[in-house]
2 protein chains.
Amino acid sequence: MDETMVAQVRRFNRVVTQQAGVLNDRYLARDRPVGESRLLWEIGDGRDVRSLRTELDLDSGYVSRLLRSLEAAGLVTTERSAADRRVTLARLTEAGRAERDLLDERSNALAAELLQTLPDRQRERLVAAMADVERLLTAAIVRFAVTDPDDPVAQHCLRAYAAELDARFDGGFSLDRGIRADPADLRLPNGLLLIAMLHATPVGCGVLLFHGAEPAHLKRMWVAEPARGLGLGRRLLAELERRAAEQHAPAVRLETNAALTEAIALYRSAGYTEVPAFNDEPYAHHWFEKSLLRQ
Amino acid sequence: MDETMVAQVRRFNRVVTQQAGVLNDRYLARDRPVGESRLLWEIGDGRDVRSLRTELDLDSGYVSRLLRSLEAAGLVTTERSAADRRVTLARLTEAGRAERDLLDERSNALAAELLQTLPDRQRERLVAAMADVERLLTAAIVRFAVTDPDDPVAQHCLRAYAAELDARFDGGFSLDRGIRADPADLRLPNGLLLIAMLHATPVGCGVLLFHGAEPAHLKRMWVAEPARGLGLGRRLLAELERRAAEQHAPAVRLETNAALTEAIALYRSAGYTEVPAFNDEPYAHHWFEKSLLRQ
DNA sequence: TCCATTCTCTGACTCTAGTCAGATGATTCG
DNA sequence: CGAATCATCTGACTAGAGTCAGAGAATGGA
């Protein structure tokens, strides 16, 4: 790793965290502990406490106390869920919504103030650079993990994949039609399911099926809508190829539908060449292959 | 202020502070409170505790306790200053230096790890965008303040200005030669001294002398070496012009030395036009003027 | 010289942000 | 139906990060 790049990252960190007062919303909640403000924000238009707890990764006792404090301040009401009387539902009161909107406004004012000090050209550059950092930093923390097909996260990805294709294909799409895959085929050594995670949310997946000395078959490649434009598809493809090579596959091949133009462009630019149909997948219009053997 | 810009700043804040674990050095000090690590870092190669206290803006009792804890851990030694036996000097021990270097290495490793996940092109874009954000964020928090010429900060700026010119002019420079200014001339309504501050450090200055209905005379404009390239000179000039207009000066004029090529370029691009010599300042080669009257 | 000021230290607090071990009631599974 | 599991609450702790009010030495200025 280039030393000057590392030094730049550290300089960035220093400046950004020193400006914490300027950048960070935290200090806006002057009159209230940060934890409470955060909860206020996350409750939004009403939520069950269980999901709050798991998502913010907080101790249940701690959340309970925070909620009671917010309740005492008249910002939140809680009630037991009708469906499951163990779970608590939290809802903002009128005052709670007002308080949240106030935090929101202050946060906007702070950001506006920061920008206002700069002349137009510099302001535009700053905003553009922030957008870049935000995008690329998000991309940088995506992690790839081989996941069991029975894992709920895996199920979610495959359903999202199917929903996406169903929306985009003429005549829709169903996982049940076409060539199907048994969960056992998505486990090593038969195959694998690779998932891209952004913190705790899945943002992409891809499947490899191995056939001994034959080329590995790539399927079910999907990138979540909000995570597109981060170069995630390319990285996912590269990660899948790396794992195919690890399993000694001589090549990767795949079929795709004409509607998936970005995917086709990605395959071409990643070194895939179009080949004659190697199966009779009904949804496919194009078949591609890339050798993993070093020339 | 454009709403989408404000929204971008807030999105940036959210992503950057959520990645706090990735970006922030804080969590590297797993085995030690953050305050102690910070002190360890700031002591560097030995410092007096007084300056640590004022610079980090910490309570004296708090610093005292932190230092004793570091001393107990064998990372720091303290002794009384020979010059003033009230002040304490803190110095890192061998172990303290090793600990500091360890923190440094971990911080580098963390930054490198972040970059490593990205493919080359994205990595370069991220680093470039971070450099932009860092520069522009720094520029955005510079504040301008009219300051009394007897203030130590003012003295520092004027000395730095003189030192800079002394280094750059053929034959050097001295505030005592040429046209001099009495401190009283740098106070309203005779004139003013404007200082640009980055947190607690002065990073630029400029002087205006008012002459009733005659043009205001701009002098002593200086930008600190490490703060250059942030567009600070241009902003300083604009702030000075704004204040000259406030005092009803019809124009601003100034003289400058041929060695100061960036300054001359700045004046020209800010709308100043070269005029015949209006004084006999011995260091000057060029005289400029800009009208403040709206056409 | 003496009095005010400066620098540091000590002891006694506070507040935030948690963690941990049960207790209690609701629900689900065999 | 009974046992296990789940969601929440309560009480008892802890650690970090400070704040505040003096006390005591050293120093500087009248």
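The values are calculated or read from the model by the stated rules, or taken from the named source; none is laboratory data. All values reported here derive from a predicted model rather than from experimental measurement. Cβ: placed from backbone, ideal geometry, glycine included. Neighbour counts: every protein chain shown. All accessible areas refer to the heavy atoms of the entire protein, side chains included, with ligands and DNA or RNA removed. Shrake-Rupley method; radii C 1.70, N 1.55, O 1.52, S 1.80 Å.
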Calculated from DSSP H runs of 4 or more alone, at -39500 (n - 2.57) each and per residue, what is the 222 nm mean residue ellipticity of the protein assembly as shown, nearest 500? -15000 deg cm²/dmol
For the range A:62-141, which trypsin sites (Lys or Arg not before Pro) are in a loop by DSSP, counting at most 15 other Cβ atoms within 10 Å? A:85, A:86
Axis proximity, chain A to B: residue whose C-beta lies nearest, plus whole-Å distance: A:129, 2
Enter the accessible area per residue of the range B:3-117 (Å², integer; probe 1.4 Å; all protein chains in place). 56 Å²
With a 1.4 angstrom probe the carbon and sulfur portion of accessible area for the range B:21-139, in percent, totals 46 percent
Amide N of the range B:99-118 lying under 12 Å from the label point, which is placed 7 angstrom from the Cα of residue A:3 along Cα→Cβ: none
Testing the spin-label approximation: label points 7 Å from Cα along Cα→Cβ at residue A:156 and residue A:116. State their distance in nm. 4.1 nm
7 Å along Cα→Cβ for the label point: how many nanometres lie between residue B:62 and each equivalent label in the other copies, listed shortest first? 2.2
Delta accessible area of at least 50 Å² on complex formation, residues of the range A:227-241, 1.4 Å probe, chain isolated as reference: A:235
Would you kindly work out, in nm and rounded to one decimal, the distances from the label point of residue B:278 to those of the same position in each other copy, ordered shortest first, with label points 7 Å along Cα-to-Cβ? 8.1
Tell me the total accessible area that A and B bury against each other, 1.4 angstrom probe, in square angstrom rounded to 100. 5200 Å²
For label points placed 7 Å from Cα toward Cβ, what is the shortest-first list of nm distances from residue A:14 to its copies? 3.0
Could you report the accessible area of residue B:290 in Å², rounded to 10, computed with a 1.4 Å probe on the protein chains as they sit in the structure? 40 Å²
Given R₀ = 22 Å, FRET efficiency for residue A:213-residue A:274 by Cβ-Cβ distance, to 0.05? 0.45
Take the Cβ-Cβ distance between residue B:31 and residue A:18 as r, set R0 to 22 Å, and report the resulting FRET efficiency rounded to the nearest 0.05. 0.35
May I ask for the distance between the Cα centers of the range A:62-105 and the range A:138-178, given as a whole number of Å? 35 Å
The answer for the range B:142-291, accessible area per residue at 1.4 Å probe in Å², is 47 Å²
Let me know the mean shielding of B:116-125 by other chains, meaning the per-residue number of their Cβ atoms within 10 Å of its Cβ. 5
